[in-house]
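The structure under discussion appears below in the form of structure tokens.
The values are calculated or read from the model by the stated rules, or taken from the named source; none is laboratory data. Computed from a predicted structure; not experimentally measured. Positions of Cβ are generated from backbone atoms using ideal geometry, with glycine treated the same way; all protein chains shown enter the neighbour counts.
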Amino acid sequence: MQQTFEDFLISTFMEDEPESVGDKDSFQDNFDRWLVALDTDLLIAYAEKWHTVRMLEHITEIYGKGT
């Protein structure tokens, strides 16, 4: 299953801000605060990165089956 943009952002949050993740009960609030605080340019860069990864996965699926 392809990773959604939200899943990508959650993974990015956990990698970039491990000290802010918190526990299971506070995770969503902490993630929401991190997301709201993101600079627009950074959010666009994350979207472009996610899109590039998705396109590479798609290309690999199409052309990688014969190798």
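Can you tell me which residue in the stretch 39-56 is nearest to residue 4 (Cα to Cα), limited to those that are over 13 Å from the mean Cα position of the chain (by Cα) and either of a type in the set (Asp, Glu) or at pLDDT below 95 (or both)? Talk me through it step by step, then tell me what you get.
Taking the stretch 39-56 and keeping what is over 13 Å from the mean Cα position of the chain (by Cα), we get 39-41, 55-56.
Then drop every residue that is not either of a type in the set (Asp, Glu) or at pLDDT below 95 (or both), which leaves 39, 41, 55-56.
Working: 39: 20, 41: 20, 55: 13, 56: 15 Å.
Across the stretch 39-56, the extreme among qualifying residues is 55.
For residue 61, only one of the following conditions fails: (1) touching a residue at least 12 places away in the same chain (Cβ under 8 Å); (2) surrounded by fewer than 11 Cβ atoms within 10 Å (Cβ to Cβ). What is its number?
So residue 61 meets the others, but not (1).
Being polar (S, T, N, Q) and part of a helix (DSSP H, G or I) is the filter here, so list the residues in the stretch 8-67 that pass it.
11, 12, 20, 28, 30, 40, 52, 60 - these are the residues of the stretch 8-67 that are polar (S, T, N, Q) and part of a helix (DSSP H, G or I).
Which residue pairs have Cβ atoms closer than 7 Å, lie 6 or more positions apart in sequence or on different chains, and pair a first residue in the stretch 6-31 that is touching a residue at least 60 places away in the same chain (Cβ under 8 Å) and farther than 11 Å from residue 46 by Cα with a second residue that is β-branched (Val, Ile, Thr) and outside any helix (DSSP H, G or I)?
Within 7 Å, no pair qualifies.
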